[in-house]
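In what follows, a structure is listed as structure tokens, so that the remarks can point back to it.
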Amino acid sequence: MTKLSVNINKIATLRNSRGGNVPNLLQVATDIQRFGAEGITVHPRPDERHIRYQDARDLVSVVYTEYNIEGNPQHNFIDLVLECKPTQVTLVPDAIGALTSNAGWDTVKNQAYLKEVITEFKSNGIRTSIFVDPVLEMIEGAKETGTDRIELYTEAFAHQYGLGNKKGIEPYTASAVLANELGLGINAGHDLSLDNIKFFKENIPGLLEVSIGHALISESLYLGLENVVNMYLQRLK
């Protein structure tokens with residue numbers, strides 16, 4: 001069964017929009033795990049517009065499933081991850097001020113840099129994953145960095161699936177096959193939803209984990225958080 005890690009950035013966005021501590025991020029993380037999710041993901045950005053660095057620290061004592069911190073490995077982020085020692089760190093090449101993640105790493109051009117950062121994290125017992133587009137050359141480059149896993153950037157798939165084009169899955173399937181051959185674990189995330197997650201999972205061999213936030217929280221406004229978490233879990237069996 002593929003694990004579900006819930007990205008709680010949107011909970012922090014809602015809290016920050018009003019000030020104070022409603023909704024309580026730590027309580028939501030606790031409840032999401034109680035509802036059956038196998039992980040919690042946060043993506044602190046330098047401007048702390050949603051998840052704050054202190055949130056990442058506070059969650060250490062709350063997350064008893066898998067804890068995944070994702071972000072661009074700048075100095076402050078690296079220090080935060082080494083302090084928190086999550087289960088996994090996912091490296092994402094998002095620019096400062098970016099609305100959301102919008103591309104995977106060029107694992108060839110950035111190979112030396114990624115190798116250095118990944119070595120540091122792995123020496124501290126933290127599993128590593130890097131955000132990549134479904135391009136075979138980038139999967140091969142990822143292998144050379146020493147990363148444990150890749151996270152397939154799924155926006156293009158989700159867009160094509162929404163248009164009714166199921167062939168949009170093909171580069172992802174090919175990337176997964178290659179990753180399995182190379183011994184890389186496979187995660188995935190970005191714009192995965194209740195509508196497309198079952199089809200995606202069925203066509204990605206060896207899919208270990210999906211990280212879902214925006215869609216899951218949005219769907220929960222109508223269907224309820226506990227219900228939606230369990231709907232994902234059913235689709236990921």
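The values are calculated or read from the model by the stated rules, or taken from the named source; none is laboratory data. Keep in mind that this is a model prediction, so the values were computed, not measured. In this analysis, Cβ positions are derived from the backbone assuming ideal geometry, glycine residues included, and neighbour counts consider all displayed protein chains. Each accessible area value is taken on the protein alone, full model and side chains, heavy atoms only, with ligands, DNA and RNA left out. Shrake-Rupley method; radii C 1.70, N 1.55, O 1.52, S 1.80 Å.
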### Summary
When (1) in a helix (DSSP H, G or I); (2) open to solvent by 70 Å² or more (accessible area, probe 1.4 Å) are applied to Asp195, the one that fails is (1)
### Query
Listed residues Gly164, Gly185, Gly213; which is more than 24 Å from Glu120 (Cα to Cα), touching a strand residue (DSSP E or B) at 6+ places or on another chain (Cβ under 7 Å) and either small (Gly, Ala, Ser) or surrounded by fewer than 18 Cβ atoms within 10 Å (Cβ to Cβ) (or both)?
Gly213
## Note on the structure
Of Ile130, Ile78, Ile150, the only residue that is open to solvent by less than 50 Å² (accessible area, probe 1.4 Å) and outside any strand (DSSP E or B) is Ile78
### Query
Looking at Leu136, Leu114, which is the one that is open to solvent by less than 70 Å² (accessible area, probe 1.4 Å) and at pLDDT 95 or above?
Leu114
### Task
Within the range 222-237, track down each residue that is more than 18 Å from Tyr172 (Cα to Cα), surrounded by fewer than 21 Cβ atoms within 10 Å (Cβ to Cβ) and touching a residue at least 60 places away in the same chain (Cβ under 8 Å).
Leu225, Glu226, Asn230, Leu233, Lys237
### Message
Being free of Cβ contacts under 8 Å to residues at least 12 places away in the same chain, part of a helix (DSSP H, G or I) and either among the acidic types (Asp, Glu) or under 19 Å from Asn68 (Cα atoms) (or both) is the requirement here; does Glu219 meet it?
### Response
no
### Message
If I ask for residues that are open to solvent by less than 10 Å² (accessible area, probe 1.4 Å) and touching a Gly at 6+ places or on another chain (Cβ under 8 Å), which ones from the range 167-182 would you list?
### Response
Ala176, Ala179
#### Entry: Extreme residue, nearest to Asp94 (Cα to Cα), among residues of the range 3-56 that are charged (D, E, K, R) and in a helix (DSSP H, G or I)
Lys10
### Subset of the range 1-24 [open to solvent by less than 30 Å² (accessible area, probe 1.4 Å) and under 21 Å from Tyr232 (Cα atoms)]
Thr2, Leu4, Ser5, Val6, Asn7, Ile8, Asn9, Ile11
